[in-house]
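First up is the structure itself, then whatever we jot down about it.
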Amino acid sequence: MHLLSITDPRAACRLLAGVKSAKTDAADKIDLAALVARGAAYQVRGDHGKTIAAYLLEASNGALWITAATGRASVCLVRVIDAAASSQARACGLSSLAFRTERRGLVRKAERIGYRVTRQDGKEYFMRKTITC
């Protein structure tokens with residue numbers, strides 16, 4: 001797999017358009033353009049050269065936050081994005097990786113790879129994982 005930085009905001013918005021689906025943003029709360037403007041966008045390509053995932057990162061409160069992520073692949077996207085973002089967190093000298101979601105299935109998958117719920121606000125779960133060097 002190959003990790004690419006996306007520097008063009010329009011390209012990042014196109015790659016991350018899946019974030020605005022009924023499954024991931026049923027209440028239409030996500031302002032993708034604002035997230036792209038604040039964060040750093042990345043694309044994960046498989047060995048075949050096709051995009052399998054795209055995500056945004058933003059450093060805040062000692063953690064590297066995954067503020068948006070999307071993709072389709074025959075691999076576990078949670079593991080793919082976690083591995084790439086964990087490596088980036090280490091490179092930035094940050095000790096944890098975090099995200100928030102309303103998707104209970106994503107919470108269960110993330111818990112299996114070391115994340116824990118640090119807070120719940122209504123339907124929204126705040127997840128965090130300690131990164132080891």
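No value in this document is a laboratory result; all are computed from the given coordinates. On a predicted model such as this, the values are computed, not experimentally measured, just so you know. We place every Cβ from the backbone using ideal geometry, glycine too, and count neighbours over all the protein chains shown.
Key figures
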read-out	value
Amide hydrogen neighbours beyond the local backbone of TRP65, cut-off 5 Å, H modeled	GLU58, ALA59, SER60, ALA98
Phi-based couplings in Hz for the stretch 98-104 (Karplus 6.51, -1.76, 1.60; Gly and Pro marked x)	9, 7, 10, 7, 9, 8, 4
Listed residue (THR67, ALA84, GLY114) projecting farthest to the positive dipole end of the stretch 2-130, Cβ model	GLY114
Cβ charges +1 (Lys, Arg) and -1 (Asp, Glu), total dipole of the chain, debye	380 debye
Residue-by-residue Karplus 3J(HN,Hα) for the stretch 42-59, coefficients 6.51, -1.76, 1.60, Hz, glycine and proline x	9, 10, 10, 10, x, 4, 7, x, 8, 5, 10, 7, 9, 7, 10, 10, 8, 7
Residues with amide H under 5 Å from that of ILE52, placed H, sequence gap 5 or more	VAL44, ARG45, GLY46
Anisotropy class of the stretch 44-120 from Cα gyration tensor, a/c 1.5 cut	oblate
Orientation-averaged projected area, Cα convex hull of the chain (nm²)	7.9 nm²
Residue order, fewest to most surrounding Cβ atoms within 10 angstrom, among MET1, MET127	MET1, MET127
